[in-house]
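Here is the structure we will look at, set down as structure tokens.
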Amino acid sequence: MRFITAGESHGPELTAIIEGLPAGLPLSADDINSELSRRQTGYGRGGRMKIETDRVRITSGVRHGKTLGSPVTMIVENNDWKNWQSVMSVEEVSEKEKNIRRVNKPRPGHADLVGGIKYGHEDLRNVLERSSARETTMRVAIGAVAKKLLKELDMEVAGHVVVLGGIQATIPDNLTVSEIREKSEQSEVRVVDPTVEEKIKALIDETKKNGDTIGGVVEVVVGGVPVGLGSYTQWDRKLDAKIAQAVVSINAFKGVEFGIGFEMAHRPGSKVMDEIVWDEQRGYTRTSNNLGGFEGGMTNGMPVIVRGVMKPIPTLYKPLQSVNIDTKEAYKASVERSDSTAVPAASVVCEAVVATEIAQAVLEKFDSDSFDQMKADVQAYRLYTQQF
């Protein structure tokens, strides 16, 4: 499975094309819209979420509720486009119109300046429109398709916020994937620990009042993943490496870890490795999951556990020091519409990209022409791994 996205933040629409899905996978716009709605929620979101109500149109690759095996095209219209038609016009406009909403004061922490230098853009809007986190709309749409595939194969995905603005949520031991999802969905900040909810919301309110932003850490857990997705045979076939790249590709994400992650640096090997046991019901399993479901770049049958850290959003309502690219004089950076935090929403995006990578690994390993054949292959393989 491969995919590509297109579209600008204030352009007419966002587009994604997915190729490589099996024929016969049940899929509807509702499967995707429910995930798009989740991305738009979360305490601390800004004004753009009041303008946009993201709904997908599937324009190819699906007929009568099932995929055809041909490329699936998805489109999400930008409601705000009506206010930007001149600014974002495809056709040539006057010099006066070109300068409307022109950006010449790059924002620290954004792609503005580097992208302008790289591509030779004198209007940095040409950079920020595509580098905007609005692109994650289509990443979530693609992830929704991936989740549908995984769900039909008895794999479950859930995400939640572990840290927000330095406030740590306590995660109860042995929560199931469905319990994580249920608890996080009940929280405006997507934590499974209700005792920190109001404290986090108060911090977000104070941050917004100060014109500042805060980041955090999100966690994604995937249950029911079969043994042996990915490979140890080449560096670029290791599934944890592919997931790491996908997570860091999310706007504002700057780090990733699996299982207990960087905590491993503080423990001896005897307190890190997951001991192997076997029983007739489950076959091989582990007594712990410190490695986050991976050994040698391959899934080991334990739940996949991935964490990503999101930096504070770099667009501040009290802008930082910058430079006017025309005059080279010191100026405060440009201000675009922004959120005080998008960490709760980012947990939904992180779910999507992790699900996408796992779905790709499933499609690589099993027959992917017909979904019915794929289900049979996966079931047979699960039985094999239990009896190995």
Which of the GluC sites (Glu not before Pro) found in the stretch 34-134 are loop residues per DSSP with 13 or fewer other Cβ atoms within 10 Å of their Cβ? Glu91, Glu92, Glu122
Just for the Cα atoms in the stretch 246-326, what are the lengths along the principal axes, largest first, rounded to whole Å? 70, 26, 21
Using a/c under 1.5 as the rounded threshold, could you call the stretch 101-248 rounded, prolate or oblate? The axes a ≥ b ≥ c are square roots of the C-alpha gyration tensor eigenvalues, and prolate needs a/b larger than b/c, oblate otherwise. oblate
Extreme residue, positive dipole direction of the stretch 40-165, given options Gly143, Pro71, Thr59 (C-beta unit charges): Gly143
Residue among Asn289, Ile358, Phe388 farthest towards the positive dipole end of the stretch 255-388, charges placed on Cβ: Asn289
Whole-Hz Karplus couplings 3J(HN,Hα) for the stretch 146-163, θ = phi - 60° and coefficients 6.51, -1.76, 1.60, Gly and Pro as x, run 4, 4, 4, 4, 5, 4, 5, 9, 6, 10, 10, 10, 9, x, 7, 8, 9, 9
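Can you give the Rg/Rh ratio of the stretch 185-286, where Rg is from the C-alpha atoms and Rh is the Kirkwood radius? Numbers along the way, then the final one.
On the way: Rg = 18.7 Å, Rh = 17.7 Å.
That ratio equals 1.06.
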Rounded to the nearest 20 Debye, what is the dipole magnitude of the chain about its Cα centre when Lys and Arg each give +1 and Asp and Glu each give -1 at the C-beta? 860 debye
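Can you give me the orientation-averaged projected area of the convex hull built on the Cα atoms of the stretch 180-240, in nm²?
Mean orientational projected area (the stretch 180-240, Cα hull): 6.6 nm².
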Rounded to the nearest 500, what is the chain's calculated 222 nm mean residue ellipticity when only DSSP H runs of at least 4 contribute -39500 (n - 2.57) each, over all residues? -9500 deg cm²/dmol
If you take the square roots of the eigenvalues of the alpha-carbon gyration tensor of the stretch 313-371 and sort them as a ≥ b ≥ c, do you get rounded (a/c under 1.5), prolate (a/b over b/c) or oblate? prolate
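From largest accessible area down, sort Tyr232, Tyr284; use a 1.4 Å probe on the protein chains.
Numbers: Tyr232 155, Tyr284 110 Å².
The most accessible residue leads, giving Tyr232, Tyr284.
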Determine the relative contact order of the stretch 230-332: mean sequence separation of Cα pairs under 8 Å and six or more apart, normalised by residue count, in whole percent. 29 percent
Relative contact order (%) - the stretch 2-387, alpha-carbon pairs under 8 angstrom, separation at least six: 23 percent
Only Cα pairs within less than 10 Å get springs; with that Gaussian network setup on the chain, which residue of Ser86, Ser132, Ser340 has the largest fluctuation? Ser86
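Among 170-178, 20-28, 197-205, 59-67, what's the highest-first ranking by average C-beta atoms within 10 angstrom per residue? List each step's numbers first, then the result.
Working: 170-178: 11.2, 20-28: 18.9, 197-205: 17.3, 59-67: 14.2.
Ranked by mean Cβ neighbours within 10 Å, highest first: 20-28, 197-205, 59-67, 170-178.
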Summed side-chain charge close to Gly292 - residues other than Gly292 whose Cβ falls under 12 Å, Lys, Arg +1, Asp, Glu -1: -4
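Would you mind getting the accessible area per residue of the chain, heavy atoms of the protein chains only, 1.4 Å probe, in Å²? The partial results should precede the final answer.
Numbers: 18880 Å² over 388 residues.
With the other protein chains kept in place, the chain gives 49 Å² per residue.
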Farthest toward the dipole's positive end in the chain, which of Ser370, Leu21, Ser89, given Cβ charges of +1 (Lys, Arg) and -1 (Asp, Glu) about the Cα centre? Ser89
Applied in sequence order to the stretch 93-100, the curve 6.51 cos²θ - 1.76 cosθ + 1.60 (Karplus, θ = phi - 60°) yields integer Hz couplings, x standing for Gly and Pro, of 10, 5, 4, 4, 5, 4, 8, 5
Can you compute 3J(HN,Hα) from phi for each residue in the stretch 110-121, using the Karplus curve 6.51 cos²θ - 1.76 cosθ + 1.60 with θ = phi - 60°, rounded to whole Hz and x for Gly and Pro? 9, 7, 3, 5, 4, x, x, 5, 4, 9, x, 8
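The values are calculated or read from the model by the stated rules, or taken from the named source; none is laboratory data. Here the structure is a predicted model, which means the values were calculated and not measured. Every residue, glycine as well, gets a Cβ built from its backbone with ideal geometry; the counts of neighbours run over all protein chains shown. Heavy atoms of the whole protein, side chains included, go into the accessibility calculation; ligands, DNA and RNA do not. Shrake-Rupley method; radii C 1.70, N 1.55, O 1.52, S 1.80 Å.
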